[in-house]
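Working notes, beginning with the structure itself.
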């Protein structure tokens, strides 16, 4: 089943295919959304967002510190519909 992404209270137009390996960051960029990032490998933490609902899987174990309820968009893929809030 396709996975939907809600970003800063707005649902994105396109869903993510169930077999997609695209990271959350790559998906947000493909939707034309502004997202903070720097390293793209979980080292810096610049892409940190609050996960309000749903679940993600990490493609690599992040080195950056993340609090409970936070994700790094550069090294995660949604495993369900997600709702995230990001500050820039």
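Taken together, the values in this text are just the output of simple stated rules run on the coordinates, not laboratory data. Computed from a predicted structure; not experimentally measured. No Cβ is skipped: glycine too gets one built from the backbone with ideal geometry, and neighbour counts run over all protein chains shown.
A few points about this structure:
- Positions within region 60-86 being over 10 Å from the mean Cα position of the chain (by Cα), surrounded by fewer than 17 Cβ atoms within 10 Å (Cβ to Cβ) and in contact (Cβ under 8 Å) with a residue 24 or more places away in the chain, in sequence order: 79, 80
- For region 44-56, taking the residues that are out of contact with any helix residue (DSSP H, G or I) (no Cβ under 9 Å at 6 or more places or on another chain) and part of a loop (DSSP other than H, G, I, E, B), the one that is nearest to residue 74 (Cα to Cα) is identified as 45.
Yes/no matrix, rows are residues, columns are (1) in a loop (DSSP other than H, G, I, E, B); (2) under 12 Å from residue 86 (Cα atoms):
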{"site": "6", "(1), (2)": "no, yes"}
{"site": "14", "(1), (2)": "yes, no"}
{"site": "18", "(1), (2)": "yes, no"}
{"site": "29", "(1), (2)": "no, no"}
{"site": "36", "(1), (2)": "yes, yes"}
{"site": "40", "(1), (2)": "yes, no"}
{"site": "71", "(1), (2)": "no, yes"}
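- Checklist (1) assigned to a strand (DSSP E or B); (2) in contact with a helix residue (DSSP H, G or I) (Cβ under 9 Å, 6 or more places away or on another chain); (3) more than 19 Å from residue 2 (Cβ to Cβ) applied to residue 77, failing item: (3)
- Hey, residue 28 surrounded by 14 or more Cβ atoms within 10 Å (Cβ to Cβ), closer than 14 Å to residue 5 by Cβ and over 9 Å from the mean Cα position of the chain (by Cα) or not: no
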